[in-house]
1. Has the range 114-130 got any residue that is within 25 Å of Arg38 (Cα to Cα), over 13 Å from the mean Cα position of the chain (by Cα) and either among the aromatic types (Phe, Trp, Tyr) or not in a loop (DSSP other than H, G, I, E, B) (or both)?
2. On the basis of being in the same structural domain as Leu120 (by TED's automatic domain parsing), at pLDDT 80 or above, in a loop (DSSP other than H, G, I, E, B) and out of contact with any Phe, Trp or Tyr (no Cβ under 8 Å at 6 or more places or on another chain), does Val147 make the cut?
3. Here's a check for you: in the range 51-102, which residue that is under 17 Å from Leu27 (Cβ atoms) and among the small types (Gly, Ala, Ser) is nearest to the chain's Cα centre (by Cα)?
4. I'd like to verify a number: residues in the range 48-87 that are among the acidic types (Asp, Glu) and within 22 Å of Pro124 (Cβ to Cβ), how many?
5. For Leu168, state whether it is within 22 Å of Asn219 (Cβ to Cβ), aliphatic (A, V, I, L, M) and out of contact with any Cys (no Cβ under 9 Å at 6 or more places or on another chain).
6. Within the range 53-77, work out how many residues are in a helix (DSSP H, G or I) and more than 18 Å from Leu119 (Cβ to Cβ).
7. Looking at this structure, is Pro239 of a type outside the set (Lys, Arg), modelled with pLDDT under 85 and part of a helix (DSSP H, G or I)?
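The values are calculated or read from the model by the stated rules, or taken from the named source; none is laboratory data. Every value quoted in this text rests on a predicted model; they were computed, and no experiment measured them. Cβ coordinates were reconstructed from backbone atoms using ideal geometry, including for glycine residues, and neighbour counts include every protein chain displayed.
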Amino acid sequence: METPYGSAPMPIWERPEPRPRVAPVPLSREKIAATAIRLADAHGLDGLSLRRIAKELGVGPMRLYDYVTNRSELLDLMVDAVYAQIAEAGRRSEWRATVLAIARETRTAALDHEWFSDLLGGRPHLGPHALAVGESTAAALSQAPGVHDIDDLQRALGALNAFIIGALRREITERRTARSTGTDEPAFQASLGPYLTRMLNTGRYPTVARLVIDGAHLNAEETFNHNLTTILDGITSRPHT
């Protein structure tokens, strides 16, 4: 379906759904997205396809193309369904509480749906729920004491998003690695401990040695919250230049 402005296809958000059919199985974009999310939660994005979703729904693959034309549109629907969960957190009366709630709910969503972290920071998320989260975040940050104009707001959003994306991708990657390899602290120490001890004993890496020897194994949630508040403290205290 083309837009009135040229040959570019109309975004899935603006295309009407096909007229529902009772037989053999009633479908909707919401139902397709929910099934895709369930499969991605269980098997990841690599094993996700319209054919597999169709099999799960008990319909022919071609029928799904009435609702989504390709994999990219399917991912758009899935992502926006997750953003619907995050959007609920953006209803706070104070700017800092709003940003904290959105960031924490984004982490919760990524832990519930690990594939979601793979899609952060790439293709822009422009579905209605994603835009609602973006609006809530931007509106909240625009009220921060250290944000004086649109340039400040862009930088604040950039810093916040870079932190959230980086933190979540690292946490999810570490969790996947531990799950797939069975890596734990005793196993690591047995396999690489002697090598690391020899390297640190050279004295060339004194700060790394302190981190390894004296550093505690930090709780992921506490670390996320600590670093998040540090980011917001920096935004708040930024002077007008």
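1. Of all residues in the range 114-130, those within 25 Å of Arg38 (Cα to Cα) come to 114-130.
Filter again for over 13 Å from the mean Cα position of the chain (by Cα), leaving 126-129.
From the residues that got through so far, the ones that are either among the aromatic types (Phe, Trp, Tyr) or not in a loop (DSSP other than H, G, I, E, B) (or both) too are 128-129.
Scanning the range 114-130 turns up at least one residue that is within 25 Å of Arg38 (Cα to Cα), over 13 Å from the mean Cα position of the chain (by Cα) and either among the aromatic types (Phe, Trp, Tyr) or not in a loop (DSSP other than H, G, I, E, B) (or both).
2. Working: in the same structural domain as Leu120 (by TED's automatic domain parsing): yes; at pLDDT 80 or above: yes; in a loop (DSSP other than H, G, I, E, B): yes; out of contact with any Phe, Trp or Tyr (no Cβ under 8 Å at 6 or more places or on another chain): yes.
Judged against the criteria, Val147 is a match.
3. Ala81
4. We begin by selecting, within the range 48-87, every residue among the acidic types (Asp, Glu); these are 56, 66, 73, 76, 80.
Checking the rest, the ones that are also within 22 Å of Pro124 (Cβ to Cβ) come to 73, 76, 80.
So the count comes out to 3.
5. Details: within 22 Å of Asn219 (Cβ to Cβ): yes; aliphatic (A, V, I, L, M): yes; out of contact with any Cys (no Cβ under 9 Å at 6 or more places or on another chain): yes.
Yes: the conditions hold for Leu168.
6. Of all residues in the range 53-77, those in a helix (DSSP H, G or I) come to 53-57, 61-64, 71-77.
Applying the additional criterion that residues be more than 18 Å from Leu119 (Cβ to Cβ) yields 54-57, 61-64.
Number of matching residues: 8.
7. Details: of a type outside the set (Lys, Arg): yes; modelled with pLDDT under 85: yes; part of a helix (DSSP H, G or I): no.
For Pro239, the condition - of a type outside the set (Lys, Arg), modelled with pLDDT under 85 and part of a helix (DSSP H, G or I) - is not met.
Let's see how each residue does on (1) in contact with a strand residue (DSSP E or B) (Cβ under 8 Å, 6 or more places away or on another chain); (2) among the hydrophobic types (A, V, I, L, M, F, W, C); (3) closer than 24 Å to Ala130 by Cβ:
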{"site": "Ser49", "(1), (2), (3)": "no, no, yes"}
{"site": "Ile53", "(1), (2), (3)": "no, yes, yes"}
{"site": "Val59", "(1), (2), (3)": "no, yes, no"}
{"site": "Met62", "(1), (2), (3)": "no, yes, no"}
{"site": "Tyr65", "(1), (2), (3)": "no, no, yes"}
{"site": "Asn70", "(1), (2), (3)": "no, no, yes"}
{"site": "Asp76", "(1), (2), (3)": "no, no, yes"}
{"site": "Ile86", "(1), (2), (3)": "no, yes, yes"}
{"site": "Arg92", "(1), (2), (3)": "no, no, yes"}
